[in-house]
1. Which distance in nm do the two modelled labels at residue B:69 and residue A:127 give, with both placed 7 Å along the Cα-to-Cβ direction?
2. If the elastic network links every pair of Cα atoms under 10 Å, which of A:73, A:229, A:173 fluctuates the most in the Gaussian network model of chain A?
3. Between residue A:189 and residue A:265, what is the FRET efficiency for a Förster distance of 35 Å, r being their Cβ-Cβ separation, to the nearest 0.05?
4. What does the structure give for B:20-29 when I average, per residue, the other chain Cβ atoms found within 10 Å of the residue Cβ?
5. Nearest 0.05, what FRET efficiency do residue A:104 and residue B:148 give at R0 = 30 Å with Cβ-Cβ as r?
6. Provide the FRET efficiency to the nearest 0.05 for the residue A:166-residue A:42 pair, computing r from the beta carbons and using R0 = 22 Å.
7. Using Cα pairs closer than 8 Å and at least 6 residues apart in sequence, work out the relative contact order for chain A, in percent.
8. Shielding of A:234-241 by partners, i.e. mean partner chain Cβ atoms within 10 Å per residue?
Ligand SMILES: [Fe+2]
Ligand SMILES: [Fe+2]
């Protein structure tokens, strides 16, 4: 069987690479079984597994508020949202598995602290207003990014993104509805909403990653259609939608430099990248707690896994005996 | 050390008029566990009436590129007369025909009976060759585990989501100012 994952040292590499890039140029999807550069595969595994981990860890800040939701309706909405995020993690692990990496290896990397996930989930959820704000801003930022990724060249990743985007729209809207409701509410509710926006706005802007000039992988990711828009482009789309909506609601955007340029784009002030790299490097406010919570959940689920295995083994025996 | 449960590919049918479509995979210890997990992961919203699962290792798959490069060897012809006990096997055929943006992969197109997976592919290419296939999946029919088609099961597995309208974005459609108000002169939307 010919190697599916091409290395630059292969005799036919440049020929195959040209065919591969032509396929992407024609808008074809690359599917498992097709030839691809090893570097394409490596970049995809890195991105998809980080993305999967983000969905899984992303359940924690919101999950913490399920039993404190103020009404039954809000509780049902939050449970459904957190459940969706679990599903998103599963869709994405599946997509990564099609590239020949095992789910167990990915989970192991997460639990051991080796794997990265979106730094946004290392911030704490201090009040109920954070739940609405996460839906509106964090899921809002995620949608912009995921919509871009849905147009990507790798079939399984693109399909997972399309499925996820359809569900994210619900996450975004329920959050926006909640924040706008608070913005119209009592003085105390308005304060809560504003406080949450103050704390989540900048981390949400950081979700798109470093500026294009500081984004070393971008060139190859764009050429191979893994990313179809740059970090700064996606960030601009996010701000252009959300900044005016926050202002319309009578709330403030915590950026004194924010202004509209003559093209109508909302221009943000300097982003604190030191903070970003601190959190990515494991020193965010909640990094430790998040990993501990994941490990605890994994360990406490051990008896369920063992019971299922025992049952499956019994079934197997029964089938063989028949 | 690989201790993980086997991987099962999942096919979901949205409505009676639609085929089962490959939506992704789950890990599970046995077929029932796979079906339940598949239901929890891929049918949290209303659009489902039936699900099939099959172990990933029981799927024979070919992409267009693989077939062009490496045509499968001429299927070994079954020469033994049927009277000597040879029974052709039944295979389910799944096919992908479009590069368009989608949340599903291959669609179920029908069954063939054949002497081997390669033979099944050959027959599939003849029988379902009306449109160019970008990928084929061939699955021995007896390896598929299916959700119970009885109305009670369909009701209890798939219907509960239909009245959870708050899981749909339309439920929130009327709030706030519409996004389009804030859209700038961007290039045409490619979401549809
Ligand atoms: Fe998500
Ligand atoms: Fe979400």
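Read-outs throughout are calculated quantities, based only on the coordinates presented, and are distinct from any laboratory measurement. Keep in mind the model is a prediction, meaning the values are calculated, not measured. Backbone-built Cβ (ideal geometry, glycine too); neighbour counts: all protein chains shown.
1. Once both label points are built, they end up 5.8 nm from each other.
2. Of the options given, A:73 has the highest mean-square fluctuation.
3. About 0.65, to the nearest 0.05.
4. Mean shielding count: 5.
5. For R0 = 30 Å, the calculated efficiency reads 0.45.
6. 0.15
7. Reported relative contact order: 18 percent.
8. Shielding by partners across A:234-241 averages 2.
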